[in-house]
1. How big is Rg to Rh over region 105-169, alpha-carbon atoms, Rh as the Kirkwood inverse-mean-distance radius?
2. Under a 5 Å amide H to amide H cut-off, with H placed in plane at 1.01 Å, what residues pair with Thr160 once short-range neighbours are removed?
3. Put a dot 7 Å past each Cα toward the Cβ at Ser64 and Glu106; how far apart are the dots in nm?
4. Quick one: compute the contact order of region 40-176, relative version, from alpha carbon pairs under 8 angstrom and 6+ residues apart, as a percent.
5. Give the dimensionless ratio obtained when the Cα radius of gyration of region 6-68 is divided by 2.2 N^0.38 Å.
6. Would you grab the residues whose amide H sits under 5 Å from the one on Ala130? Only those 5+ places off in sequence or on another chain, please, with H modelled 1.01 Å from N.
7. Could you work out how far apart the two model spin labels at Thr118 and Ser141 are, taking each label as a point 7 Å from the Cα in the direction of the beta carbon, and quote it in nm?
8. Would you calculate, for the chain, the mean residue ellipticity at 222 nm contributed by helices, counting each DSSP H stretch of 4 or more residues as -39,500 (n - 2.57) and dividing by all residues, to the nearest 500?
Amino acid sequence: MSATDKNAPPSTLGVAVLTVSDTRTEDNDTSGQYLAAALQEAGHQLVDKRIVIDDIYRIRAVLSQWIAEPAVQAVLITGGTGFSGRDSTPEAVSVLFDKHVDGFGELFRALSYDEIGTSTIQSRALAGLANNTIIFCVPGSTNACRTGWEKIIRSQLDSTYRPCNFVGVLQIRNRGGH
């Protein structure tokens, strides 16, 4: 999907992180903190990081703002992907997708099986493209975020990853000359 020169340096993407939780705060949001640190370590820019309660319309409001923001090429969402209580991230997010990345959820669950066994069927991890912005939704545990980032997302946000990555399909919009 990327036609970038294999010798070119990796592209720096603007990435936003959203934690969906009724209980997390900036002090105990280890999942959001992990994703923010990991994306920066990979050379990307953290454009914004927020925590919202598990409410379909609040999730959509924040995500819609980021999808419309030229500085954001990727969004990482953690939390709200299960079946308990008010988990509603898939319902909030999927209607905004122009294209679904079905393989993400499938691969995430396959990888998670090695870590948590059949409990992985309770993960509704998903991904898609909206307004040329890639959105990845993973469960709220820090271990799930680590699995998603290290085994899938990091390489798909790396313009040098072969044979393909998502950077080539993202509209790299003007980010103030960066």
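The values are calculated or read from the model by the stated rules, or taken from the named source; none is laboratory data. Keep in mind that this is a model prediction, so the values were computed, not measured. Every residue, glycine among them, receives a Cβ derived from its backbone with ideal geometry; neighbour counts consider all protein chains shown. In case anyone asks, the SASA skips ligands and DNA or RNA and just uses the protein heavy atoms, side chains included. Shrake-Rupley method; radii C 1.70, N 1.55, O 1.52, S 1.80 Å.
1. Computed over Cα atoms, the ratio is 0.99.
2. Amide H neighbours of Thr160: Ser11.
3. So the two model labels end up 3.2 nm from each other.
4. It comes to 25 percent, rounded to a whole number.
5. In units of the 2.2 N^0.38 Å rule of thumb, it is 1.28.
6. Asp98, Ile135
7. For the pair Thr118/Ser141, the computed spacing is 1.7 nm.
8. Mean residue ellipticity at 222 nm (helix-derived): -9000 deg cm²/dmol.
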